[in-house]
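First comes the structure, then the notes that go with it.
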Amino acid sequence: MNNSRLLRVGQQSLSLIADMGHAGLFLWSVITSRIPWRRIVPLISEQLYRAGIMSLLITILAGFFIGMVVGLQGFHTLQKFSAEQALGKLLALSIVRELGPVIAALLFAGRAGSSLTAELGLMATTDQLSAMRMLGVNPLWRVVAPRFWGALIALPLLTLIFDVVAIYGGSLVGVDWLGVDRGAFWSGMQSVVEFGGDVMNGVLKSGVFAFLIVWISLYQGYFCEPNAKGMSIATTKTVVYGSLAVLAFDFILTALVMGGW
Amino acid sequence: MKSKSLYVAVGLFLIVAFASLVILAFQMTDFSSTHTGKTYRVTAAFTNIGNLKMRSPVRIAGVTIGRVSDIELNKKTFQAEVTIRISGDVDHIPSDSSASILTAGLLGANYISITPGYEVTNLASGDAIETTHSALILEKLIGKLIYKKTSKESS
């Protein structure tokens, strides 16, 4: 009784480690597979359209509302210390350093990551991948690699757009509605935000997040159990693992970067 | 035809993203002000720099003309050697000017203020500012005040 429970724990942790190893090998074979770049560029731009542009609207809307709410909350808190002039600094630093990369990545995991998993899962379930292999086409470069590179490019760009929209959303609330001085708002922001240290770090972060999300979602889709239940489990796992990976790595990356200061 | 409109959409997406980068760089950071023009380095030794940090502003009459680029401890004199970068178009600061560390507001960040002197020769790259005034440490000041008050009462 006790013995079998112990056995199960051991088996589960072994299969967890095996899963990670499997995912690592999968990633390795995606990156190192010989890619005919000239033929893959149109495929990448199609994926850029589906991962990037289709997520553009949700990213812009989320960015706008998050900027507005940070502006509103920040204003009411700063007003207690009559320091509402510092709203621009608060808004820009929190958006560019943390909220932009993280929330864009979470939205991306839900919007693009899950659809990648579902698509690849359906391909695997309906034996399209096997059919490709039979025709002598390696699905790794024909199907997986374009999605990998497309999503890897799309998320940092979405993060940049998110940052700008959120800051303008915050300035709409803070400056236009609540009456923070426009000059103090923007010049305060310019005096504290650094291009290399803050903006570029945010973009770098979102690149790492994109890598994690696309790795998880492609792995889950490519190796999902070929039936309806397997697909639904894989899609759920993509969103859950993707979001957790983003939040965990956000802490690690921030601690690494802040450690140098 | 379908693939062409796809390319247009992707191209627009890339343009919007890079436009956001440019807006972030020029509207929301001091990217433009720190990366234009030449600068020259001047050093100054302080006995106490307080909360002065790298990239703290250097001002003359309240106008920012440069930034602190390096802070090091001189191991012989135990003074803080501060290297400051001054923008190249402010190139005729008298060589007997003095540098003092001031605080912006009561609890604000420290900055270096340069008070121009009267010498004919100007500070050049690599020169040291001889006359310096250290940061005002609030705790010391309060300590002095309390000491004065208690000594007055006892006498």
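What follows is calculated from the coordinates using simple rules that are stated; it is not laboratory data. Given the structure is predicted, the values throughout are model-derived calculations rather than measurements. Cβ sites come from the backbone with ideal geometry, for glycine too, and all protein chains shown count toward neighbours.
Put simply, when A:41-48, A:203-210, A:217-224 are sorted by average Cβ atoms within 10 angstrom per residue, most first, you get A:217-224, A:203-210, A:41-48. Working note: Karplus 6.51/-1.76/1.60 with θ = phi - 60° gives the stretch A:149-158 the couplings 5, x, 5, 5, 7, 5, 5, x, 5, 4 Hz, where Gly and Pro are set to x. What the Cα atoms of the stretch A:1-128 give is an Rg and a Dmax of 22.7, 66 Å. With N counted as the residues of chain B, its alpha-carbon radius of gyration over 2.2 N^0.38 Å works out to 1.57.
Averaged over the residues of A:160-166, the number of partner chain Cβ atoms lying within 10 Å of the residue Cβ comes to 5.
Amide H contacts for B:Ile65 (H built 1.01 Å from N in the peptide plane; partners 5 or more residues away or on another chain; cut-off under 5 Å): B:Val58, B:Arg59, B:Ile60.
Relative contact order of chain A, please, whole-number percent, based on alpha carbon pairs below 8 angstrom and at least 6 residues apart.
Details: 309 pairs, mean separation 82.9, N = 261.
Rounded, it is 32 percent for chain A.
Expressed as a whole number of Å, what is the distance separating the alpha-carbon centroids of the stretch B:73-100 and the stretch A:1-79? So the two Cα centres are separated by 50 Å.
Taking the average, over residues, of other Cβ atoms within 10 Å as the packing measure, peptides B:70-78, A:149-157, A:243-251 rank A:149-157, A:243-251, B:70-78 from highest down. Across the stretch A:50-56, rounded Karplus estimates of 3J(HN,Hα) from the backbone phi angles (6.51 cos²θ - 1.76 cosθ + 1.60, θ = phi - 60°) give 6, 7, x, 6, 5, 8, 5 Hz, Gly and Pro being marked x.
Taking the C-alpha atoms only, the angle from helix B:2-27 to the longest principal axis of chain B is near 10 degrees.
Peptide A:179-191 has a mean shielding of 2, counted as Cβ atoms of other protein chains within 10 Å of each residue's Cβ. Can you find, among B:Ile15, B:Ile86, B:Gly66, the residue sitting farthest towards the positive end of the charge dipole of chain B, where Lys and Arg contribute +1 and Asp and Glu -1 at Cβ? Towards the positive end, the residue furthest out is B:Ile15. For the peptides A:64-74, A:8-18, A:174-184, the ranking by mean Cβ contacts within 10 Å, running from highest to lowest, is A:64-74, A:174-184, A:8-18.
Quick one: dipole size for chain A, taken about the Cα centre, charges +1 on Lys/Arg Cβ and -1 on Asp/Glu Cβ, in debye to the nearest 20. Intermediate values should be presented prior to the final figure.
Working: 17 positive and 13 negative charges, 154 e Å.
Result for chain A is approximately 740 debye, rounded to the nearest 20.
Within 10 Å of each Cβ of A:250-258, how many other protein chain Cβ atoms are there on average?
Across A:250-258, the average partner-chain Cβ count within 10 Å equals 0.
3J(HN,Hα) along the stretch B:57-69: x, 10, 10, 10, 6, x, 9, 6, 10, x, 9, 6, 10 Hz, from the Karplus curve 6.51 cos²θ - 1.76 cosθ + 1.60 with θ = phi - 60°, whole Hz, x for Gly and Pro.
Of interest is the spacing of the C-alpha centroids, which for the stretch A:194-240 and the stretch A:107-186 amounts to 10 Å. Comparing A:Tyr168, A:Ala184, A:Ala83 along the charge dipole axis of chain A, the residue lying farthest to the positive side is A:Tyr168, per the Cβ-charge model.
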